[in-house]
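No lab work stands behind these numbers, since they all come straight from the coordinates. Given the structure is predicted, the values throughout are model-derived calculations rather than measurements. Note: ideal-geometry Cβ built from the backbone for every residue, glycine included; neighbour counts use all protein chains shown.
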Amino acid sequence: MMKTTRTIAGPMLAILAMGVMLSAPLRAQEAQIERDNRALVESGMKAWADGTGSPYDLLADDARWTIAGNSRAAKTYPSKAAFLAEVIRPFNARMRERLIPTVHRYHVEGDRVIIRFDAAGLARDGKPYTNSYAWFLRLKDRQIVEAEAFFDSVAFDDLWTRVSPAP
């Protein structure tokens, strides 16, 4: 029995060692993808805060953006064009002063980036608009391909129904 254990233990240890050696480059590659994805999203959020761009610039043409909950805009938008046309442009047309985000936290795991932020701006009727957001993003090839957004639907719906978009 002892001889059989030694006979099996040697090859098993070799297999385990090979697995550890092979997994190190994969972990390094995943860590680099996470760093790259975080940097991309951080750059998009900074551009939005600075007024020089937005994270929406990172959307793939066929990105699916889901607004969770029960707001007037809650649904899944099947493309970048649909999301921008149905939500972002009408939203911005309701604002006198643009929405400015303040990021509180990023969480990155693999191809996923989660952002927790607040945003504030001034609506066309002179009243402030503030909201808190959590975006769950999936990136592929340096683009956002899937997003799920959570926010205070009461604050959103108040703006959406109270303020008409500028022509």
Note, Y77: beta-carbon cut-off 9 Å, +1 each Lys/Arg, -1 each Asp/Glu, net +2
Of G51, A149, V87, farthest towards positive along the dipole that unit charges on Lys, Arg, Asp, Glu beta carbons give region 2-162: A149
Just to confirm a number: summing +1 for Lys and Arg and -1 for Asp and Glu over residues other than A120 whose beta-carbon lies under 12 angstrom from that of A120, what do you get? 0
By the scheme Lys and Arg +1, Asp and Glu -1, what is the net charge of all other residues having a beta-carbon under 15 Å from that of R35? -2
Please compute the contact order of region 2-162 in relative form: average sequence separation of alpha-carbon pairs under 8 Å and at least six residues apart, divided by the residue count, as a percent. 20 percent
Rough spin-label spacing in nm, given labels placed 7 Å along Cα→Cβ, for R105 and K75: 3.3 nm
Check: the chain dipole with +1 on Lys, Arg Cβ and -1 on Asp, Glu Cβ, in debye: 260 debye
